[in-house]
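See below for the structure under consideration.
The values are calculated or read from the model by the stated rules, or taken from the named source; none is laboratory data. In this text, all values refer to a predicted model and were calculated from it rather than measured experimentally. A quick note on method: Cβ atoms are made from the backbone with ideal geometry, for glycine too, and the neighbour counts reach across all protein chains shown. For the accessible areas, the whole protein counts, side chains as well, though only heavy atoms, and no ligand, DNA or RNA atoms are used. Shrake-Rupley method; radii C 1.70, N 1.55, O 1.52, S 1.80 Å.
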Amino acid sequence: MCCSHGSLLLFFLFPLYNPFYQSHKNRPNTSVTRPYISVIRADMFSLVLFVSLQTILLAHVHDFDRHLLNTVHKPTFYEGYCDGDPAVYSYHIHLLFWGNNKDHVNSALELREQFIKKFNLLDKKCDISPADPAPGHEMCAFGVDLAPAGPFTTAQYAFFIPPDRLQETSMWMLQHRGVHDVFIHPNSGCAVYDHTKWNTFAGDKWPVDVSVFPPL
C-alpha cells in the first residue's frame with residue numbers, strides 16, 4: 001500500500017521539479033516558442049526519471065523489509081538471559097517412535113498424515129531451521145527422521161507451532177498418539193533449557209542429547 005501511494009505521489013509531483021517542464025511552462029503557449037518535439041522530449045525525460053526513482057524507492061523498501069524480518073527472527077541474548085524468564089516465541093510438538101519396528105513406523109507416519117490433514121498443513125513444509133524460534137512464523141511440518149538425529153535418540157518428526165495454536169494441536173496429538181510418545185518443548189532460544197527444563201513428555205520419557213546444542 002505504501003509503495004503504490006508513493007508511486008502516485010511521484011507521478012503527480014515530479015513534473016513540478018522537471019527543469020524541461022518548468023522551462024516550457026513559463027513560455028507563451030505558441031507553436032513557435034514551444035515546439036511539439038521539445039514537449040515530447042521533456043515528457044520522455046520525466047517518464048524515464050520517474051521509473052528510475054520508483055525502482056530505487058522499491059529497492060530500499062524491500063531491503064528494509066528483509067532487515068526487519070531478520071531482526072524479528074533473532075532474539076536479543078545477553079549474559080544470564082536463559083537464567084531469567086526468557087520469552088517463548090514458538091513450540092515444537094515431536095512424535096517419538098521406534099524406527100526399527102515396521103508397525104510403529106507405519107502408524108507414526110499415518111498419524112503424521114492425519115495431523116497434517118487436520119490442521120491444513122499439506123502445502124506447509126517448514127522452511128526454517130529447527131533451531132530457529134521464528135517468532136511470527138505460521139504452523140508447519142518438519143521432515144521425518146527415521147533414525148536418531150540432532151538431540152533425539154530415536155526416530156521422530158516434529159511440527160512447528162505458534163503459541164496461539166499450542167492448546168488445540170497438543171491436545172489433539174495427546175489424544176491420538178496411540179503407542180507413541182509425545183515430546184513438547186518451547187522455543188525461547190535457550191535450546192538446552194527448552195529441551196530439558198521447560199519440556200513435557202506424554203508416554204515414555206526418552207533421553208535427549210543436549211551436547212549438540214551450544215552451551216548456555
query: Taking the stretch 168-200, which residues are over 26 Å from the mean Cα position of the chain (by Cα) and closer than 23 Å to GLU113 by Cβ?
result: LEU174, GLN175, HIS176, ARG177, GLY178, VAL179, HIS180, ASP181
- prompt: Looking at the stretch 140-176, which of its residues are farther than 14 Å from TYR91 by Cα and part of a strand (DSSP E or B)?
  reply: GLY143, VAL144, ASP145, ALA149, PHE152, ALA155, GLN156
message: Given the criteria assigned to a helix (DSSP H, G or I), under 27 Å from the mean Cα position of the chain (by Cα), surrounded by 10 or more Cβ atoms within 10 Å (Cβ to Cβ) and at pLDDT below 85, does ALA59 qualify?
response: yes
query: Tally time: how many residues in the stretch 177-189 are modelled with pLDDT of 95 or more and in a loop (DSSP other than H, G, I, E, B)?
result: 5
field: Filtered residues of the stretch 105-161 (kept if of a type in the set (Asp, Glu), open to solvent by less than 70 Å² (accessible area, probe 1.4 Å) and either closer than 17 Å to PHE183 by Cβ or over 12 Å from the mean Cα position of the chain (by Cα) (or both))
entry: ASP145
query: Would a scan of the stretch 167-188 turn up a residue that is touching a Cys at 6+ places or on another chain (Cβ under 7 Å) and surrounded by 14 or more Cβ atoms within 10 Å (Cβ to Cβ)?
result: no
- line: Inside the stretch 113-141, the number of residues satisfying the requirement of being over 20 Å from CYS190 (Cβ atoms) and touching a residue at least 40 places away in the same chain (Cβ under 8 Å) is 4
